[in-house]
């Protein structure tokens, strides 16, 4: 019984982390049809910023750091989008290649600035004591991550379904030409969404820090996870990213607990199965 | 005009063993290996219209299979090479079925995800692959008893294999099948309406590209006598993709030129700069923003302009 | 081939297609005899091209069946339908702009031949393909342009190449999607006489948005509106029908 409860909670927290990681990626892909390969690097940048900020400034707490890092990364993302991506509107392959190039630049810059050693990110003080749940002791912060994921999911849902910005985003996703024709500033919208997506990635990097630590190669570890979640959940579907994150969280956690040797294979098996039977992902639209 | 260029290049490939020192001969070998790898990727990217970011999978897996069979299980090189190519091609067949469920960006993402998983496996399964230490102390084959230990001997070997590879890939692309491939790249719906089977055409090309990627992988592991998980990394795939795009994906020889340039840049840059990845990223940005069609088309347009042609 | 078949060349029964909540094809039935010249008309948005796309296999219907030359092809992929004798042209020209006229037609010829899988001999070595393709171009009066790239020739000439590519396959059933769209008067009469000279072993089904232009090419007419068949029958009867006038004048 203990096994199931502990692994179940682990699955939830992994799923939460995955959603925080991939929601931004899904948002950008959904609206801009851009596979932002810089996503892992932006996440990692957030983690490194958190590592430095939280260890250098005593008074900072992780929540403000997350928001701060989110803004920094969003600003960087916005600059990149305006200066580079907009020039490649007619060249979607080129867009993907420059995001790849940018990811190399950021990851090497992080290596230059922070060196090759792994830097742990401190867990917030008030969450350091473990929680008793169902008679077992469980790291509190991991549970909090699940709550955060739900919070972000609900906020994004609210943004997309209930605000004017969200309506414009949805219009742009459905029919870019038409949206432009009815006066939606698609170009500005793209910048806003790119900033939002990358900002979430940066903030997620901070929030994932206590669990992952900042280390060179974090971006290369995270990007395929985001890809797998989005491919499985369906391109452009936030619900798909949410469900996909937890599906992967569960399958990976239980899979590696039962068959530790096959960890990586277990990771991409659900993606392959979904692609084989439903290439548009669990919640994606055909032809998206 | 093309014939003159071909003769010049062909001639220059025969020169290194006679005029250059060991360092340059080795460099020439590396260039040829990178060129074959880029040409195999270009079957997918340029002629098939399928951009893959996971091509290093085939190079790396072929290299690892050969390395493991020869160093750990005592296979001789001939058998190891055969098994390596067959195994890697089978993997390409399997990956192709998965990746071709999507197209465009979805295809790209799947190839990237698959290759990243292989890379992760290479690192983690250290009891098999030796993880981050890589597999050292490998040997080169000795075809028909000729030793390939000296740079010159190895160069001739690579030259012969590369020439065969280039000719076979060129034949593939200019054949009737090649025409159907290019047609599917440009107008898949129209091609289907004419009776061509787009999926099968793409899948066959994917497998063939994987096969030549495996050949490049064997040459790679023979040259270095060492294999490390980084050969399977996205950086490795990206370098090949950069070579293809920088050289010009629409041409037969362009990717070879591009791969040569990327390799030379890497060699010279690493003497001065530690951060090759960052430079690679910047070069990516530069090429895509400034010369999206690549160097070779740009050059031939320049030549056409000098000759007064208007096109 | 044995004697005349009583099987219709194309039979569509109960075809339904909807995109989300929007019904584009509603219970469409069609029966076209071998050798017939059928014109499908209807205002914009009537679902004519969607119907063609389902017949050619580019779209899957939600319900109903399509029988081509007696065989059920409803869920058959497009390339297999081509091998059963179906050809089509498109509203938007989908030729290979950078290639020569001859190459374009050769590709059309190659599609049905086993040699399309051949990976050794260069395309240029297929002399018989080249000869036949030039013959097809000659039949539409474009032999003199055979070695020019498509991007170099006029729009009207490209329409003729589209026709040449489709006809080169000697199809049993040919779908023409707005073959006269965007043509000048002279070009139009050239293409019309080409269509009129298509032999009877090819069954012809045309979509035209502008009724007047294509009427003299048609023997039977089907009128579509909002995805439904409104009138269907001999040309003169359909023209005289009240409902036709209603649809076009919108009572």
Query raised in the report: Which one of the conditions (1) more than 9 Å from chain B (Cβ to nearest Cβ); (2) modelled with pLDDT under 85; (3) farther than 25 Å from residue A:31 by Cβ; (4) surrounded by 18 or more Cβ atoms within 10 Å (Cβ to Cβ) does residue A:267 fail to meet, given that it meets all the rest?
Result: (1)
Report task. Tell me, please, whether a residue that is surrounded by fewer than 17 Cβ atoms within 10 Å (Cβ to Cβ), more than 13 Å from chain A (Cβ to nearest Cβ), modelled with pLDDT of 85 or more and in contact with a helix residue (DSSP H, G or I) (Cβ under 9 Å, 6 or more places away or on another chain) can be found in segment B:257-264. Result -> yes
Requested in this report: Would you check which residues across segment A:279-288 are at negative phi and either at pLDDT 80 or above or crowded, with 21+ Cβ neighbours inside 10 Å (or both) and list them?
Outcome: A:280, A:284
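This table checks each residue for (1) crowded, with 16+ Cβ neighbours inside 10 Å; (2) within 9 Å of another protein chain (Cβ to nearest Cβ); (3) touching a strand residue (DSSP E or B) at 6+ places or on another chain (Cβ under 7 Å); (4) more than 30 Å from residue A:274 (Cα to Cα).
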{"residue": "B:94", "(1), (2), (3), (4)": "no, no, no, no"}
{"residue": "B:105", "(1), (2), (3), (4)": "yes, yes, no, no"}
{"residue": "B:136", "(1), (2), (3), (4)": "no, no, no, yes"}
{"residue": "B:146", "(1), (2), (3), (4)": "no, no, no, yes"}
Requested in this report: Please tell me if residue A:220 is more than 28 Å from residue A:264 (Cβ to Cβ) and at pLDDT below 90.
Outcome: no
Report summary line: Per the list (1) under 24 Å from residue A:59 (Cα atoms); (2) modelled with pLDDT under 80, residue check on residue A:120 breaks on (2)
Report summary line: In the set A:207, A:227, A:189, the lone residue that is within 13 Å of chain B (Cβ to nearest Cβ) and touching a helix residue (DSSP H, G or I) at 6+ places or on another chain (Cβ under 6 Å) is A:227
Report summary line: Taking segment C:91-124 and keeping residues more than 7 Å from chain B (Cβ to nearest Cβ) and at pLDDT 90 or above leaves C:95, C:99, C:100, C:101, C:102, C:103, C:104, C:105, C:106, C:109, C:113, C:114
Query - Unique match (being free of Cβ contacts under 8 Å to residues at least 24 places away in the same chain, out of contact with any strand residue (DSSP E or B) (no Cβ under 8 Å at 6 or more places or on another chain) and part of a helix (DSSP H, G or I)) among B:183, B:178 - result: B:183
Query raised in the report: Of the conditions (1) within 14 Å of chain B (Cβ to nearest Cβ); (2) more than 19 Å from residue B:113 (Cα to Cα); (3) modelled with pLDDT of 90 or more, residue A:241 fails just one. Which one is it?
Result: (2)
Query - Positions within segment B:254-291 being farther than 21 Å from residue B:26 by Cα and touching a residue at least 40 places away in the same chain (Cβ under 8 Å), in sequence order - result: B:254, B:277, B:280, B:283, B:284, B:287, B:288, B:291
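Quick grid of which residues meet (1) modelled with pLDDT of 90 or more; (2) surrounded by 15 or more Cβ atoms within 10 Å (Cβ to Cβ):
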{"site": "A:58", "(1), (2)": "no, no"}
{"site": "A:63", "(1), (2)": "no, no"}
{"site": "A:66", "(1), (2)": "yes, yes"}
{"site": "A:71", "(1), (2)": "yes, no"}
{"site": "A:81", "(1), (2)": "yes, yes"}
{"site": "A:92", "(1), (2)": "no, yes"}
{"site": "A:106", "(1), (2)": "yes, yes"}
{"site": "A:110", "(1), (2)": "yes, yes"}
{"site": "A:116", "(1), (2)": "no, no"}
Query raised in the report: Just checking, which of A:100, A:83, A:156, A:127 is within 20 Å of the chain's Cα centre (by Cα) and more than 8 Å from chain B (Cβ to nearest Cβ)?
Result: A:156
Query raised in the report: Is it the case that segment C:153-165 has a residue that's within 14 Å of chain B (Cβ to nearest Cβ) and surrounded by fewer than 16 Cβ atoms within 10 Å (Cβ to Cβ)?
Result: no
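Considering only strands (runs of 3 or more DSSP E) fully contained in segment C:1-101, which possess at least 3 residues that are touching a residue at least 40 places away in the same chain (Cβ under 8 Å) and surrounded by fewer than 19 Cβ atoms within 10 Å (Cβ to Cβ)?
Here the list reads C:10-19, C:22-32, C:63-68.
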Query raised in the report: For segment B:77-103, what are the residues that are free of Cβ contacts under 8 Å to residues at least 40 places away in the same chain, farther than 18 Å from residue B:161 by Cβ and over 20 Å from the mean Cα position of the chain (by Cα)?
Result: B:98, B:101, B:102
Query raised in the report: Which condition breaks for residue B:192 when tested against (1) in contact with a helix residue (DSSP H, G or I) (Cβ under 9 Å, 6 or more places away or on another chain); (2) more than 24 Å from residue C:99 (Cα to Cα)?
Result: (2)
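Criterion first (closer than 30 Å to residue C:111 by Cβ and part of a helix (DSSP H, G or I)) does residue B:153 satisfy it?
Details: closer than 30 Å to residue C:111 by Cβ: no; part of a helix (DSSP H, G or I): yes.
The answer is no for residue B:153.
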**Report entry** Single condition residue B:68 does not satisfy, out of (1) closer than 30 Å to residue B:257 by Cβ; (2) in contact with a strand residue (DSSP E or B) (Cβ under 8 Å, 6 or more places away or on another chain)
**Finding:** (1)
Report summary line: The number of residues in segment A:226-248 that are assigned to a helix (DSSP H, G or I) and surrounded by fewer than 24 Cβ atoms within 10 Å (Cβ to Cβ) is 5
Query raised in the report: Hey, which of the helices (runs of 4 or more DSSP H) in segment C:136-251, taking only ones fully inside, have at least 3 residues that are in contact with a strand residue (DSSP E or B) (Cβ under 8 Å, 6 or more places away or on another chain) and under 22 Å from residue C:30 (Cβ atoms)?
Result: C:211-215, C:235-240, C:242-249
Query raised in the report: Tally time: how many residues in segment B:265-291 are away from every other protein chain (no Cβ under 12 Å) and under 20 Å from the mean Cα position of the chain (by Cα)?
Result: 3
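The values are calculated or read from the model by the stated rules, or taken from the named source; none is laboratory data. Computed from a prediction, not measured in an experiment: that's the story for all the values here. Every residue, glycine as well, gets a Cβ built from its backbone with ideal geometry; the counts of neighbours run over all protein chains shown.
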